[in-house]
Structures are given as structure tokens and as C-alpha cells.
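Below you'll find the structure, written out as C-alpha cells, and then a few comments.
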Amino acid sequence: MRKLLIAAAALSLAAQNSFDRTIAADAAPGELFFSADGKTITALCRDSHVRTWDVATGKVAVDKAVTAGTTLVSATRAIERADRTTVRVWDLTSDTQLRLINGAPQGRTVISANGKSLAVASVADRKVRIIDVASGKEKHALADGIGGAAEVVFSPDGELLVSANYDNDVRVWKTGSGELVKKVEELTGAMFAGEFTPDGKQLVMAGLDETVYFWDAKTFQPARSLKGHGETISALAISPDGKMLVTGGFDVVTTRNPVKVALWDLTSGKVVKTMRSPHRVVSLAFSPDGKWIAMTSGEKEINLWKTGN
Amino acid sequence: MSHAKPNRRQMLELCISRGLLAGGAAMSQAQLLAFWQNAEAQSHKPTSAEVLGPFYRKGAPDVKNLRAAGDPGLPLKVSGHVMNTKGQLVEGAKVDLWHADHNGLYDTRGYKYRTQLKPDAKGVYAVDTVMPGHYSDRPAQHIHYLISAPGHKTLITQVYFATDPFFEGNPEKNWNKRGIAANKELVLPVKLFETGPSTEVTFDIILEKA
């Protein structure tokens, strides 16, 4: 028994040692974002505080209490839930409320890269609403699948919106007209994470079936698929130069802890480095210079690895 | 002596004539009959909906025995009818059901403990499987359902087991503990058989018209 305990302790130590750096947090951080200059990381923590850490020192630079049900959508924008149908859009840099929006139901919320559009995937009526942030007006209420949205993504230019549904289908709409341009129906597992490549040419998604799928962002025909993570994938990120991908594993019902974090070279399509996460990976992000990967996994810390680039 | 079994209408008329059924004051026999027929038609409430959850996989094969020889886990038979709100058989229904194994793990690579059943001519579906295990995200044992049929609203729901330790021996009181079940009716009584041992539950599904 003692030997087992020592072995278990050694294993957990090895997993911890695999991080190149760790930033401590008062409460578990969720979705995380690097600032544009890479000097800070911002995350919404489980105690309903949005915190910004100085990456160099690991110290908290900004700490803002928000309501429960708030979503952090970028390094500078938080969508604070005011009530069941109302949200406040905050600029975190200046700590000012940009807009109060009525008609934003509860559900997964994302913002376009230019900050002009919000997409809210309602749990209640299974519609994805596109809302103009400047006017606070709803532009479209798009019919999503029966399962509800697992992931919602804007294209980098904000022209397309993607919703991956728990019913396994992926829908793509034009944000201007609200036209459904593609419904991917051949998947046999939900996509839990997705991003467009930084050049906007491909949509990359992964989830239940352990595979990373690439679609051409004009035709939405399959372009590539990568197997090799070997676990259900809960999070992914693409490096700013588009050359690297990182995928993080899902635990609890599909595998045992720890789970894998895999760094891929997208030119060769091969995993070049495998790290470990103590639990299901919540969020992954590359630093703007591509030198670091930051991760959250439900622990009271942010873990960082060097990419080696 | 044998005689034909009365149909439902004849039975209602018989009850009305003997004063066994009553409605509002001063209803004629015809009004009373219409009232009760209407009340019966409304009596099947649609089954409560629940969330799909992250682990649904499209394309499960139609397999009636999900339990392989030597599978660990308590054998479980699940069966029931697929009906409309009038209690009539629903034609062309497809019953997708899926659940975790005895350890609380889902098969994400294949279709173990996943099936899409077509009810028989009497509207009955049945499957042999094992009692699902517990896992930390959803602390009560459960089976997921997705039921579709032409002309009806697709229903997504889940069922739970009254024998689950999660309900602490009192599902009547604890059915919504930690917000687990949308409705008490989704916590099913479990028949336990000593031979085997094995278990059995019945879950009738009532679909709404589209």
C-alpha cells in the first residue's frame, strides 16, 4: 500500500513537473485569453471574478467581480449576465460598460474578432441569435439543432458563424444574411471545440470521436482529418502563425486522469510533444508570439508550456 | 358462458348508464360521453424532455441485445410502448438509447450500449443491457433517449432508477435532488429478480404531434 502511495505521489509530481510554468489563482480559472501583446492572461474564475495576471510576475493585475452566468469572450470583453434576458457588455481595459443588451437569453456566448457582433446560442429555444453590439439589436435568430450548441465560432472576418451541436451536426451561416450555407451531417460525435485558422481558410474542430477535422472555409468540404490524440478532445487552439495546433483531452466519462495535451505540427500532421493535464482541459491558448501554450483544467492555476518554437 | 369484451365507448356508456361516471351538472348522456372521451384523449401527458448531453452518437445499429456474454454489470431489461397523447400506437418511431457502462464510462469509439430500436407492430421496444454506472458529472444512473416519429415532435429525455443509492431509498422525496430529474415520472421503479440476478424497467414514451 505504501509503495502504491509513493508511486501515485511520484506520478502526480511528474505530471506537475511537466509544466514549464504555473501561475497560481485564488479560484479555478476557466476560458483564458492572452492580451494582444502577450504580457497578460485574462480568465473568468469559478468564484465569478475576472482576473488578469501579469505573465512575467504571475501576479494579479486586475480583479473584477461579475455576476454568475457571465461569459469572458475575449481578453478585453466580458458579457455580464444581468438577468435571464439581459447582459452588459464590459470593456475590461477601461472597466466601462459599453452596452446593455436586452434579448440575450442564457446560453453559450461568443464575440466576433472585431467586437461588433455577439452570438448567443439559447439553451431554451435552440436558436442562435446574432446581436449587433453597437445597437444592441438582434440581427438574426437562427434555428439550431435539437441537441443544443456545444461550440459556437465566428470566422476571423466575422462573415461566418458556426454552431456545432450535441446532435452531432455542424451548421454554418452567413452572418450578414442569416443564410444557412452548410450543414455537416456526416459526423457521429459532437464537436466540443473549434477555431478557424488565423488566415480564415479552414475551420478546425474536434470532440467526442478523438479526431481533428479540417474543412475548407469556402466550400465546407472536408479538407483533412488528424487522428492521434487518442482521447475525446475538449479544447483546442491554433498558433497565430497557423503552423501548430494544441488539443486537450476530456476526462470523467471517457478515460481516466490524467489526460493528454498534444502539440501538433500542422505541416506534417504529427504530434510533436505530449504533455499531461491532471483533469479535463477547459481552455487552451497560444501566446501571440507562439512561444507558450497556456492551459486551464479546473485546478486553481494556469499552466504554461514552451512550444519549443 | 362467454361474451364479447365491450369496447371503450361501450364501457363508458355502460358506466354512465349506471351512474358510475359523472361530469358537470345537468349533462345529457351524449354530452357526458363526449366529455369523458375527451378527458381520456387528454389523459396521456407527453413524456417530459431532458437535455441530450454531450455523448450522443448518430448512427447506432438496431441491436436488441447490448449485453455481451461475460459483460460485468447487473443485467437490465428495458422495454415500453411508444404512443401518442391519445394512447395510440405511433407508426414509424425510432428509439435511440445510450448509456454508460457499469463503471460510468461511455463508449466514444464504437456503439457499445448504444442502439436505435424500431418498435414492433404493437409499438413495443425492448432491449437487454446492463445497469449503467455512476460518474461524477451526473451522479445518478441514467439512460439517454432520443425518440423520433413521422408527424411527431422529436423527444429527448433520460430515465433514472428508483433503486439508485442517489435517491437514498426515497425517490418520492429525492427525485429532483441536485436538479437531477426533470420529472418524477422519469425515475422508474425497478423490478429485481433474484435469479441471475437481474433487473427490469418499463418506460412508456408519449410523443406530441408536431
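Of note:
- First in region A:117-130 and farther than 21 Å from A:R99 by Cβ and of a type in the set (G, A, S), second anywhere and open to solvent by 10 Å² or more (accessible area, probe 1.4 Å) and part of a strand (DSSP E or B), Cβ under 9 Å, 6 or more apart: A:A124/A:G107
- Positions within region A:128-144 being more than 18 Å from A:R81 (Cα to Cα), surrounded by fewer than 21 Cβ atoms within 10 Å (Cβ to Cβ) and either within 14 Å of another protein chain (Cβ to nearest Cβ) or of a type in the set (D, E, K, R) (or both), in sequence order: A:K139, A:A143
- Taking region A:76-105 as the range and being open to solvent by less than 40 Å² (accessible area, probe 1.4 Å) and either within 22 Å of A:K127 (Cα to Cα) or among the aliphatic types (A, V, I, L, M) (or both) as the test, the residues that pass are A:A78, A:I79, A:E80, A:R81, A:T86, A:V87, A:V89, A:L92, A:I101, A:G103, A:A104, A:P105.
- Per the listing A:F250, A:F214, A:F220, the residue uniquely surrounded by fewer than 23 Cβ atoms within 10 Å (Cβ to Cβ), within 28 Å of A:D289 (Cα to Cα) and aromatic (F, W, Y) is A:F214.
- Pick from region B:94-109, criterion under 13 Å from B:I205 (Cα atoms) and in contact with a Phe, Trp or Tyr (Cβ under 8 Å, 6 or more places away or on another chain), ranking: surrounded by the fewest Cβ atoms within 10 Å (Cβ to Cβ): B:D96
- Scanning region A:154-182 for residues that are touching a residue at least 40 places away in the same chain (Cβ under 8 Å), open to solvent by 50 Å² or more (accessible area, probe 1.4 Å) and within 17 Å of the chain's Cα centre (by Cα) yields a single hit, A:P156.
- Residue within region B:71-94 that is within 14 Å of another protein chain (Cβ to nearest Cβ) and touching a residue at least 24 places away in the same chain (Cβ under 8 Å) present: yes
- Hey, A:R108 surrounded by fewer than 18 Cβ atoms within 10 Å (Cβ to Cβ) and part of a strand (DSSP E or B) or not: yes
- Unmet requirement for A:P156, which otherwise passes all of (1) within 14 Å of another protein chain (Cβ to nearest Cβ); (2) modelled with pLDDT of 95 or more; (3) not in a strand (DSSP E or B): (1)
- Restricted to region B:47-59, and to residues there that are hydrophobic (A, V, I, L, M, F, W, C) and at the interface with chain A (Cβ under 9 Å from one of its Cβ atoms), the residue that is surrounded by the fewest Cβ atoms within 10 Å (Cβ to Cβ) is B:V51.
- A:A56 being within 24 Å of A:K300 (Cβ to Cβ), open to solvent by 30 Å² or more (accessible area, probe 1.4 Å) and not in a strand (DSSP E or B): yes
- Qualifying positions in region A:171-223 - within 14 Å of chain B (Cβ to nearest Cβ), out of contact with any Gly (no Cβ under 8 Å at 6 or more places or on another chain) and not hydroxyl-bearing (S, T, Y): A:K183, A:V184, A:E185, A:E186, A:L187
- One residue stands out in region B:118-170 among those that are open to solvent by 50 Å² or more (accessible area, probe 1.4 Å) and closer than 30 Å to A:R280 by Cβ: the one that is farthest from the other protein chains (Cβ to nearest Cβ), namely B:E168.
- From the list B:K112, B:K173, the one residue that fits, being within 14 Å of chain A (Cβ to nearest Cβ), open to solvent by 60 Å² or more (accessible area, probe 1.4 Å) and charged (D, E, K, R), is B:K112.
- If only residues of region A:224-255 that are of a type in the set (A, V, I, L, M, F, W, C) and more than 13 Å from every other protein chain (Cβ to nearest Cβ) are counted, the one that is nearest to A:P278 (Cα to Cα) is A:A235.
- The C-beta contact set for region B:174-194 (first residue at positive phi, second residue open to solvent by less than 60 Å² (accessible area, probe 1.4 Å), distance under 8 angstrom, 6+ apart or interchain) comprises B:R178/B:P139.
- Test result for A:S234, modelled with pLDDT of 95 or more, open to solvent by less than 10 Å² (accessible area, probe 1.4 Å) and under 30 Å from B:P132 (Cα atoms): no
The values are calculated or read from the model by the stated rules, or taken from the named source; none is laboratory data. Note that the structure is predicted; figures quoted are calculated from it, not measured. Neighbour counts are summed over all protein chains in view; Cβ atoms, including those assigned to glycine, are modelled from backbone coordinates with ideal geometry. All accessible areas refer to the heavy atoms of the entire protein, side chains included, with ligands and DNA or RNA removed. Shrake-Rupley method; radii C 1.70, N 1.55, O 1.52, S 1.80 Å.
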